[in-house]
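Take a look at the structure below.
The values are calculated or read from the model by the stated rules, or taken from the named source; none is laboratory data. Fair warning: this is a prediction, and the values are worked out from it, not measured in the lab. Counting neighbours? That spans all protein chains shown, and the Cβs are built from the backbone with ideal geometry, glycine included. Remember, those area values only see protein heavy atoms, side chains included, never the ligands or the DNA or RNA. Shrake-Rupley method; radii C 1.70, N 1.55, O 1.52, S 1.80 Å.
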Amino acid sequence: MKIGRRNREVPGLNTTSTADISFMLLVFFLVTTSMYEAKGLTRQLPPKDKQKDQKELFIDKENILALKLDAEGNLSVNDSTVKMSDVKARMEEFILARGKQHIITVDADPDCQYDAYFQLQQNLGEAYSEAREAYSRKKYGRGLDQLTSIDHDKVMTECPQRVAENYHENDIVKEGGEE
């Protein structure tokens, strides 16, 4: 008796819904994923052509708050050493006391740690926010976010952000040891 092999067909996989499932998963992950919004510091960069945009300004020394950050991360305000946690209150008080006439200078050593510089900039931004909020409450009796757009613009005009940064361009040593 001869036993023969039977031709068996391999059953195929039903893939008609695979594209639908893939599309549904794609939509699910797009909808449920939170989008990352990058945050940063708003600063005006120095002008490209320095000779063209520079003007001489005469500012009373009493209207200047000089912040200096050295390479070790030590912070001084008008040549007196302060803690990073105390600088925000001093800046806010200074901004409110001087109004439009104030200017804050930031002099950071190029070798200072980025974290210390970022903390200083963060405190600077928070000081301006809190000073504007305090001015708004004093003048209008409510918070800055509750004001009309006209009153909001008036507060921003009365408490402008006036920050000057030293970029240490003269500290760069050229080749050959010349400064």
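Among the conditions (1) closer than 21 Å to Glu165 by Cα; (2) modelled with pLDDT of 90 or more, the only one that Ser136 does not satisfy is (1). Sub-9 Å Cβ pairs linking a first residue in region 16-38 that is open to solvent by 100 Å² or more (accessible area, probe 1.4 Å) to a second residue that is polar (S, T, N, Q) and at pLDDT 90 or above, at least 6 apart or interchain, number zero. Determine the pairs where a residue that is open to solvent by less than 30 Å² (accessible area, probe 1.4 Å), located within region 126-140, has a partner that is among the aromatic types (Phe, Trp, Tyr) with Cβ atoms under 9 Å apart, the partner being 6 or more residues away or on another chain. So the pair list comes out as Ala127/Phe94; Ala131/Phe94. Where strands (runs of 3 or more DSSP E) sit wholly within region 47-107, those with at least 2 residues that are modelled with pLDDT of 90 or more and open to solvent by less than 30 Å² (accessible area, probe 1.4 Å) occupy 64-69, 75-77.
Give region 95-123 a look and list any residue that's under 16 Å from Leu65 (Cα atoms) and polar (S, T, N, Q), or say none. Those that are under 16 Å from Leu65 (Cα atoms) and polar (S, T, N, Q): Gln101, Thr105, Gln121, Asn123. Scanning region 141-157 for residues that are open to solvent by less than 70 Å² (accessible area, probe 1.4 Å) and either assigned to a helix (DSSP H, G or I) or touching a residue at least 40 places away in the same chain (Cβ under 8 Å) (or both) gives Leu144, Asp151, His152, Val155, Met156.
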